[in-house]
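Below is one structure, written out as structure tokens; the observations come after it.
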Amino acid sequence: MTRSKWVIGVVALCVFWAIGTIAPGMAVGGAAHGGEEHKSPKVGILLVAFGSSETSAQVSFENIQRKVTAAFPAADVRWAYTSHVIRAKLADRGKALDSPTLALARLQDEGFTRVVVQSLHTIAGAEYQDLERTVNGFKAMEAFQKIVLGDPLMVTRADVAAVVTAITGIIPKERKQSDAVVLMGHGTCHPASAYYSALAFQLQLKDANIFLGTVEGFPDMALVQNQMQARHIQKAFLMPFMSVAGEHAKNDMAGDDSDSWKSLFSKAGIECVPVMKGTAEYDAFVGIWVGHIRSAMEGI
Ligand code: CO
């Protein structure tokens, strides 16, 4: 290469560099000149939920977003849904939601250095385990200086105790002591489903007319019905024990179909009053998740 060609090459590179820094939109991608020009904070909180396509669920998500933003004003709060089905449904409606992998890749790309991934699941079941694998992958890649996964709602004994307190605090005022309160959890074949039995037991110790059943695990609806009948319950308040009052609450709990809990309990002579609010609509529950983010923050 002659000297003049070399000089032309260097000049051309400088021009490209200058255009790159001036052109709008191009500067954002450059981690090298991140600090001054791109004022995105380096701490990110990724909130990860199963997701829901129901508009009724948005109240829960908005409440969490508000509480987390208020508690950690210096962090950038992002969302990801673990459910492929829900993401595909929302994408059809023009609402794009990231998977945890995609959301973390974005955070890495944008130059975040410290990230808390907060599970908004109720138990550390299969969904949580998948999330843990994803987080461990990003850890292994050293994508961030620090990445910590926050616990779902119930992991420690203190969590279960806090959940019991939260539940007893959200019972509708009009409920009389002789009325039952029935919580409908999701349930799963994953071993972590045992938390539902543990919680049901703790609730029974507090108030023998509070019952907990699950849609897809143990304890099931039939057991709850037997328990209520043994105590001659005549009226029951049905409440979802899921972060959102989504499809399960609408159909399996309070639906008009003959196999909903409301229909089956009513058929057994128990008057049902559904309460259509997800746990994440109540500050007492969101406070537990926020506490878990705070613990995770200490790790980063
Ligand atoms: Co389900």
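Full extension of the chain between Asn226 and Thr69 yields a length gain of 52.2 nm, computed as 0.36 nm times the residue separation minus the alpha carbon distance.
Express in whole angstrom the spacing between the alpha-carbon centres of the stretch 43-90 and the stretch 174-209. Here the answer is 26 Å between Cα centres.
Amide hydrogen proximity for Phe237: with H placed 1.01 Å from N in the peptide plane, the residues at 5 or more positions away or on another chain lying under 5 Å are Ala180, Val181, Val182, Val273. Peptides 59-67, 255-263, ordered by how many other C-beta atoms sit within 10 Å of their residues on average, highest first, read 59-67, 255-263.
Applying 1/(1 + (r/R0)^6) with r as the Cβ-Cβ distance of Glu62 and Ser295 and R0 = 30 angstrom yields a FRET efficiency of 0.80. Taking 0.36 nm per residue of sequence separation and removing the Cα-Cα distance, the Gln145/Thr55 pair yields an extension gain of 28.7 nm.
On the stretch 122-166, 49 percent of the accessible area sits on carbon and sulfur atoms, based on a 1.4 Å probe. In the chain, the longest principal axis of the Cα atoms and the axis of helix 58-71 are about 60 degrees apart. Across the accessible surface of the stretch 213-270, with the other protein chains kept in place and a 1.4 Å probe, carbon and sulfur atoms take up 45 percent.
If R0 is 45 Å, what FRET efficiency do you get for Ala208 and Asn251 from their C-beta distance, rounded to 0.05? The pair Ala208/Asn251 has a calculated efficiency of 0.95. Summarising the amide proton neighbourhood of Gly185: residues at separation of 5 or more, or on other chains, whose placed amide H is nearer than 5 Å comprise Gly213, Thr214, Val215, Phe241.
Once the Kirkwood radius over Cα pairs is known for the chain, the Stokes-Einstein relation at 4 °C and 1.567 mPa s delivers a diffusion coefficient of 60 µm²/s. Take the Cβ atoms of Asp259 and Ser178, set R0 to 22 Å, and the FRET efficiency comes out at 0.25. Take 205-213, 115-123, 136-144 and order them by the average number of nearby Cβ atoms within 10 Å per residue, most first; the result is 115-123, 205-213, 136-144. Rounded to the nearest 10 degrees, the angle from helix 157-169 to the longest Cα principal axis of the chain is 60 degrees. Computed from the Cα positions only, the extents of the stretch 33-179 along the three principal axes stand at 65, 38, 30 Å, in decreasing order.
Cα axis of helix 194-206 to longest principal axis of the chain: angle in degrees, 0 to 90, nearest 10? Helix 194-206 sits at roughly 50 degrees to that axis. For the stretch 141-149, 3J(HN,Hα) computed residue by residue from phi via the Karplus equation (6.51, -1.76, 1.60; θ = phi - 60°) reads 6, 6, 5, 10, 5, 8, 9, 10, 9 Hz, glycine and proline entered as x.
Averaged per residue, the chain has 51 square angstrom of accessible surface, using a 1.4 angstrom probe with ligands and nucleic acids left out. 3J(HN,Hα) along the stretch 262-272: 4, 5, 5, 5, 4, 4, 7, x, 9, 5, 10 Hz, from the Karplus curve 6.51 cos²θ - 1.76 cosθ + 1.60 with θ = phi - 60°, whole Hz, x for Gly and Pro.
Fully extending the segment from Thr168 to Glu271 would add 35.0 nm, taking 0.36 nm per residue of separation and subtracting the current Cα-Cα distance.
Between amide H atoms placed 1.01 Å from N, distances below 5 Å from His121 occur with Leu153, all of them 5 or more places distant or on a separate chain. Normalised radius of gyration (Cα atoms, divided by 2.2 N^0.38 Å) for the stretch 170-300: 1.09. The GluC sites (Glu not before Pro) of the stretch 200-300 meeting both criteria, a DSSP state outside H, G, I, E and B (loop) and at most 14 other C-beta atoms within 10 angstrom of the site's C-beta, are Glu216. In summary, the stretch 46-121 shows an alpha-carbon radius of gyration equal to 1.10 times the 2.2 N^0.38 Å reference for compact globular proteins.
The values are calculated or read from the model by the stated rules, or taken from the named source; none is laboratory data. Keep in mind that what you see is a predicted model, and the values were worked out from it rather than measured. FYI the Cβ positions are ideal-geometry reconstructions off the backbone, even for glycines, and counts take in every protein chain you see. To get the accessible areas, we keep the full protein, side chains included, count just its heavy atoms, and leave off ligands, DNA and RNA. Shrake-Rupley method; radii C 1.70, N 1.55, O 1.52, S 1.80 Å.
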